[in-house]
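These notes are about the structure you will find just below.
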Amino acid sequence: MKKKITLIALLFMITLSLTGCLSTEKRRGETEERDVYELSIAIDSQEDTVTGIFMNKFADLLEEKSNGRLKINRYPNSQLGGDGEITEAVQNGNIAFVVQTTAPQVSFVPEAAIFDAPMAFKNLDVARKVLDGKLTESLKKYYEDKKLILLGFADQGFRVMSSNKKVEKMSDLKGIKIRTMENPNHIAFWKAAGANPTPMAWSEVYIGLQQGSIDAQENPIETIVASKVYEQQDDIILTNHILHTLCLIGSPAIVHELPQELQDIIYESADEAKVYARQMTDERSEGRVKIVEESGTSIVPFNEELFEEMRTAGEPVWKSLEGQIGKDLVDTLRSEIDRAETELNLK
């Protein structure tokens, strides 16, 4: 922990130097711009994840498009702390960028909990149309109010369910003991669906499944394979119950001090990097599904009837979200889903 604090403190001194130089140039009325701006990006994940791929693609694009005027220092593997610590450092202007899921951002931007809405998207085409539309534009102002810049969303696919009890219809969920995160909206959803949600540290899940203290768990397919929990499960059910978002955010204290042409490059690179990260999610998912199938664990395909039943069961969570973050934002999500499904002829 001391090492992480020292690294963040060092980055803070670099940032002070950067912003101090910029302020001095403005006061002196100098027009000459600095040759190189050294910025940092951090993630809580490993580089061999879609999070790491998103980070590296974004950083590569910044360096290429700026012809080296932007130099990006990259800190994967929690080198600068966990998700919460990194977000706070971005908010305070000590780190320029972070890529992470929205869950840890809820403590800073409560409206990010909109992505706790269960059974929101039937497939990734719907989800990505929504993420590129009015919902994200609405969210940007909430991030701005908390001294953060929302640069865009990729995803790691859906959170899906793995289980040792066959799940083909709604009644099969009754009483099933499923490990969840310590997230009140997720817990409320699984209770509403008839399951018995059991928060548990991720490090304990494999043994919990092995010993039978839990029957099931839920995560993106990439996480299920990376952790090898599929080895202790009979089925992976493509419930698509929660989108696992990957959010790129920046620090206005740093970004807004850069020359305008470099700021433009940041926004342009973010748009390109999110598209690339989504493509990598799709490619990697196919490979992970193959690993699961070859192991003998079965993949239960998406079942629209089950999806709609679970969506109905999750309505109380949507109502609860209206109280937590406001009806307007929830209504925006609903209308954007309707628009996307109509455009994709899913109605």
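Quick one: which of GLY157, GLY194 is within 23 Å of the chain's Cα centre (by Cα) and not hydrophobic (A, V, I, L, M, F, W, C)?
None of the other options fit; the residue is GLY157.
Considering only residues of the range 209-238 that are surrounded by 23 or more Cβ atoms within 10 Å (Cβ to Cβ) and among the polar types (S, T, N, Q), which is farthest from GLU85 (Cα to Cα)?
Here the residue is GLN217.
Quick test of your reading of the structure: GLN156 fulfils all but one of (1) farther than 26 Å from MET280 by Cβ; (2) open to solvent by 10 Å² or more (accessible area, probe 1.4 Å); (3) among the polar types (S, T, N, Q). Name the failing condition by number.
(1)
Just to be sure I understand the filter: pairs with C-beta atoms under 6 Å, separated by 6 or more residues or on different chains, first member in the range 46-73 and farther than 19 Å from ILE254 by Cα, second member in a strand (DSSP E or B). Which pairs pass?
VAL50/GLN156; THR51/VAL99; THR51/LEU246; PHE54/VAL99; PHE54/ALA154; PHE54/LEU246
Among helices (runs of 4 or more DSSP H) lying entirely in the range 248-347, which contain 3 or more residues that are under 29 Å from ILE221 (Cβ atoms)?
Working: elements: 252-255, 260-295, 304-313, 315-325, 327-343.
In the range 248-347, the matching helices (runs of 4 or more DSSP H) lie at 260-295, 304-313, 315-325, 327-343.
Looking only at the range 95-109, count every residue that is outside any helix (DSSP H, G or I) and open to solvent by less than 20 Å² (accessible area, probe 1.4 Å) and tell me the total. Spell out the reasoning first.
Step one: list which residues in the range 95-109 are outside any helix (DSSP H, G or I), which gives 95-102, 108-109.
Okay, now just the ones that are also open to solvent by less than 20 Å² (accessible area, probe 1.4 Å), so 95-100, 102, 109.
Residues that pass the stated criteria total 8.
For the range 26-49, enumerate the residues that are open to solvent by less than 60 Å² (accessible area, probe 1.4 Å) and modelled with pLDDT of 95 or more. Show your work before the answer.
Going residue by residue through the range 26-49, those that are open to solvent by less than 60 Å² (accessible area, probe 1.4 Å) are 29, 37, 39-45, 49.
Of everything in the range 26-49, those that are open to solvent by less than 60 Å² (accessible area, probe 1.4 Å) and modelled with pLDDT of 95 or more turn out to be TYR37, LEU39, SER40, ILE41, ALA42, ILE43.
Please count how many residues of the range 62-86 are small (Gly, Ala, Ser) and surrounded by 18 or more Cβ atoms within 10 Å (Cβ to Cβ).
The number of residues fulfilling the criteria is 2.
Name the pairs: first residue in the range 185-201 and of a type in the set (Gly, Ala, Ser), second residue part of a strand (DSSP E or B) and open to solvent by 10 Å² or more (accessible area, probe 1.4 Å), Cβ to Cβ under 8 Å, at least 6 apart or on different chains?
Here the result reads ALA195/LYS177, each pair linking the range 185-201 to a residue that is part of a strand (DSSP E or B) and open to solvent by 10 Å² or more (accessible area, probe 1.4 Å).
Enumerate the pairs (first residue in the range 309-334 and surrounded by fewer than 16 Cβ atoms within 10 Å (Cβ to Cβ); second residue anywhere and in a helix (DSSP H, G or I) and β-branched (Val, Ile, Thr)) with beta-carbon separation below 8 Å, excluding pairs fewer than 6 apart on the same chain, so at least 6 apart or on different chains.
GLU322/VAL330
So which of ALA89, ALA112, ALA59 is open to solvent by less than 30 Å² (accessible area, probe 1.4 Å) and in contact with a Gly (Cβ under 9 Å, 6 or more places away or on another chain)? Steps first, please.
Values: ALA112 fails: in contact with a Gly (Cβ under 9 Å, 6 or more places away or on another chain); ALA59 fails: in contact with a Gly (Cβ under 9 Å, 6 or more places away or on another chain).
Residue meeting the stated conditions: ALA89.
Among the residues of the range 163-203 satisfying the criterion of being at pLDDT 95 or above, among the charged types (D, E, K, R) and under 19 Å from GLU231 (Cβ atoms), which is most open to solvent (accessible area, probe 1.4 Å)?
LYS177
The values are calculated or read from the model by the stated rules, or taken from the named source; none is laboratory data. What you are looking at is a predicted structure, and each value in this text was computed from that prediction instead of being measured. When we count neighbours, we look across all protein chains shown, and the Cβ atoms used for this are built from the backbone with ideal geometry, even at glycine. Surface areas here come from the heavy atoms of the whole protein model, side chains and all, with no ligands, DNA or RNA. Shrake-Rupley method; radii C 1.70, N 1.55, O 1.52, S 1.80 Å.
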